[in-house]
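Novice: Got a structure for you, questions after.
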Amino acid sequence: MFYYFNFLSFLAQPAFFLLSIFTSIAQNSYIRSKFFGMSISVKHLTKYYGDQAAVDNISFEAKNGEILGFLGPNGAGKSTTMKIITGFIPASEGEVEVCGHNIKAHPMKVRQLVGYLPEHNPLYLDMYVKEYLDFVGKVYKIEGRKARIDEMIEMVGLQREQHKQIGALSKGYRQRVGLAQAMIHNPAVLILDEPTSGLDPNQLEDIRALIKRIGKEKTVMLSTHIMQEVEAVCDRVIIIKNGTLVANESASSLQQSTDTQVVYVEFEGNVSRNQLSKITTIRKVEEVGTNSFLLEANLDNDIRKIIAQYAKEKDLLILTLRKEEKSLEEVFKQLTK
């Protein structure tokens, strides 16, 4: 019996050893970020301007290789949050870590790990494109600056503009210069505040493709008012309203998480909007074409069954009946109105 218990004790030792390792990882933010790939960790972040809370006790995380869309109406606290993460302004309360480094304890290390494109792109308009990128490269003490500058110019599509003065560039090309300076030191985290502002449709496509490519190996946090952009490039969406967090999930999950269902139906015979409005379960009827409607109802019952039964009773033929997803724009309006 004695040997049996000793044997069990021997088997248990590796388990206790592993448990102690995982406990250490959970307690050490730097190891946790490396082990679990968390590049941004925001906990109970608050920022006051006088008595007003621009950011009010928000918490979220972003993983390595994730593109995070940061949405909210004007004045919601998006830019303030981004400025705090980059170390541009201090928080009033809460903690921010970038790749395991606390921004209060290691501000310079965090600045080395982050690339930042602010909402109002601050450029020296009297400098030339390559001259400006060389200046930024010197600030970051980048070795092999010439090769890195050439790489950035090609990456953001500035080949034809590289010898021009920044003040002579269009707004779209100035945005590209801003993106190049944000990435020139090869940061682990990119914070982009309205990165596609001022770009034409062709430039939009190029920059979105670039962001998606970068997002495979870095953490990208971007704010935008263009919902199609979020759907095209973002893995996850955070929405804030009046400084508080109201959503934190994938765009597809957000579109499915509303408290209503919407159905598109097209009839062969004549049907009026008033007739459909009399169905008790339907909250809203929108006529979108000849005998075609969008119907909105609560989630209590599948509205398609109710419409099929209604058509049978009224001897109507249904040509099309399908469930519609709410657009991200509609969800955004619902959460922030």
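Novice: Is there a residue in the stretch 209-217 that is of a type in the set (Asp, Glu), within 22 Å of residue 66 (Cα to Cα) and part of a loop (DSSP other than H, G, I, E, B)?
Specialist: Yes, some residue in the stretch 209-217 is of a type in the set (Asp, Glu), within 22 Å of residue 66 (Cα to Cα) and part of a loop (DSSP other than H, G, I, E, B).
Novice: Which residues, counting only those in the stretch 113-154, are within 30 Å of residue 74 (Cβ to Cβ) and hydrophobic (A, V, I, L, M, F, W, C)?
Specialist: Of everything in the stretch 113-154, those that are within 30 Å of residue 74 (Cβ to Cβ) and hydrophobic (A, V, I, L, M, F, W, C) turn out to be 113, 114, 117, 123, 125, 136.
Novice: Another question, then. Run residue 332 past the list (1) of a type in the set (Phe, Trp, Tyr); (2) under 33 Å from the mean Cα position of the chain (by Cα); (3) farther than 30 Å from residue 91 by Cα and report the number of the one that doesn't hold.
Specialist: For residue 332, the exception is condition (3).
Novice: If you don't mind, another one. Which of (1) without any contact (Cβ under 8 Å) to a residue 60 or more places away in the chain; (2) part of a strand (DSSP E or B) is the odd one out, the single condition residue 263 does not satisfy?
Specialist: In the conditions (1) without any contact (Cβ under 8 Å) to a residue 60 or more places away in the chain; (2) part of a strand (DSSP E or B), residue 263 misses (1) alone.
Novice: Being surrounded by fewer than 15 Cβ atoms within 10 Å (Cβ to Cβ), on the phi < 0 side of the Ramachandran plot and in the same structural domain as residue 189 (by TED's automatic domain parsing), is that true of even one residue in the stretch 67-79?
Specialist: Yes, the stretch 67-79 contains a residue that is surrounded by fewer than 15 Cβ atoms within 10 Å (Cβ to Cβ), on the phi < 0 side of the Ramachandran plot and in the same structural domain as residue 189 (by TED's automatic domain parsing).
Novice: Here's a follow-up. Could you go through the stretch 219-226 and let me know if any residue there is at pLDDT 95 or above, part of a helix (DSSP H, G or I) and among the aliphatic types (A, V, I, L, M).
Specialist: Among the residues of the stretch 219-226, not one is at pLDDT 95 or above, part of a helix (DSSP H, G or I) and among the aliphatic types (A, V, I, L, M), which makes the answer no.
Novice: Follow-up question, since we're still on this one. Collect the residues in the stretch 269-323 that are under 20 Å from residue 256 (Cα atoms) and assigned to a loop (DSSP other than H, G, I, E, B), keeping them in residue-number order.
Specialist: Passing the criteria: 281, 299, 300, 301, 302.
Novice: Separate question: Kindly indicate whether any position in the stretch 191-201 is within 30 Å of residue 139 (Cβ to Cβ), touching a helix residue (DSSP H, G or I) at 6+ places or on another chain (Cβ under 8 Å) and surrounded by fewer than 17 Cβ atoms within 10 Å (Cβ to Cβ).
Specialist: yes
Okay, residues lined up against (1) under 29 Å from the mean Cα position of the chain (by Cα); (2) part of a helix (DSSP H, G or I); (3) among the aromatic types (Phe, Trp, Tyr); (4) exposed (fewer than 14 other Cβ atoms within 10 Å of the Cβ):
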| position | (1), (2), (3), (4) |
| --- | --- |
| 130 | no, yes, no, no |
| 134 | no, yes, no, no |
| 151 | yes, yes, no, no |
| 155 | yes, yes, no, no |
| 163 | no, no, no, yes |
| 174 | yes, yes, no, no |
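Novice: Does residue 288 satisfy the criteria of being more than 16 Å from the chain's Cα centre (by Cα), surrounded by fewer than 14 Cβ atoms within 10 Å (Cβ to Cβ) and among the aliphatic types (A, V, I, L, M)?
Specialist: yes
Novice: If you go through the stretch 259-273 one residue at a time, how many are touching an Asp or Glu at 6+ places or on another chain (Cβ under 8 Å), under 14 Å from residue 326 (Cα atoms) and surrounded by fewer than 17 Cβ atoms within 10 Å (Cβ to Cβ)?
Specialist: Residues that pass the stated criteria total 2.
Novice: Among residues belonging to the stretch 176-190 that are in a loop (DSSP other than H, G, I, E, B) and surrounded by 18 or more Cβ atoms within 10 Å (Cβ to Cβ), point out the one that is nearest to the chain's Cα centre (by Cα).
Specialist: Going residue by residue through the stretch 176-190, those that are in a loop (DSSP other than H, G, I, E, B) are 184-188.
Of the ones still in play, those that are also surrounded by 18 or more Cβ atoms within 10 Å (Cβ to Cβ) are 184-185, 187.
Values: 184: 22, 185: 22, 187: 18 Å.
Going through the qualifying residues, I end up with 187.
Novice: On to the next question. State all residues of the stretch 76-92 that are of a type in the set (A, V, I, L, M, F, W, C), assigned to a helix (DSSP H, G or I) and closer than 18 Å to residue 50 by Cα; if no residue qualifies, say none.
Specialist: 84, the sole residue that qualifies.
Novice: Something else about it: Is there a residue in the stretch 102-114 that is assigned to a helix (DSSP H, G or I), without any contact (Cβ under 8 Å) to a residue 12 or more places away in the chain and surrounded by fewer than 20 Cβ atoms within 10 Å (Cβ to Cβ)? Explain how you work it out, then say what you get.
Specialist: Let us first name the residues in the stretch 102-114 that are assigned to a helix (DSSP H, G or I), namely 107-113.
If we keep only those that are without any contact (Cβ under 8 Å) to a residue 12 or more places away in the chain as well, we get 108-109.
Filter once more, so that each one left must be surrounded by fewer than 20 Cβ atoms within 10 Å (Cβ to Cβ): 108-109.
Yes, some residue in the stretch 102-114 is assigned to a helix (DSSP H, G or I), without any contact (Cβ under 8 Å) to a residue 12 or more places away in the chain and surrounded by fewer than 20 Cβ atoms within 10 Å (Cβ to Cβ).
Novice: Could you tell me which of the residues 211, 226 is under 30 Å from residue 172 (Cα atoms), under 15 Å from the mean Cα position of the chain (by Cα) and surrounded by fewer than 18 Cβ atoms within 10 Å (Cβ to Cβ)?
Specialist: Selected residue: 226, the only one of 211, 226 that is under 30 Å from residue 172 (Cα atoms), under 15 Å from the mean Cα position of the chain (by Cα) and surrounded by fewer than 18 Cβ atoms within 10 Å (Cβ to Cβ).
The values are calculated or read from the model by the stated rules, or taken from the named source; none is laboratory data. Bear in mind that the values here come from a model prediction, so they are computed numbers and not experimental data. For neighbour counting, all protein chains shown are included, and Cβ atoms are generated from backbone atoms with ideal geometry for every residue, glycine included.
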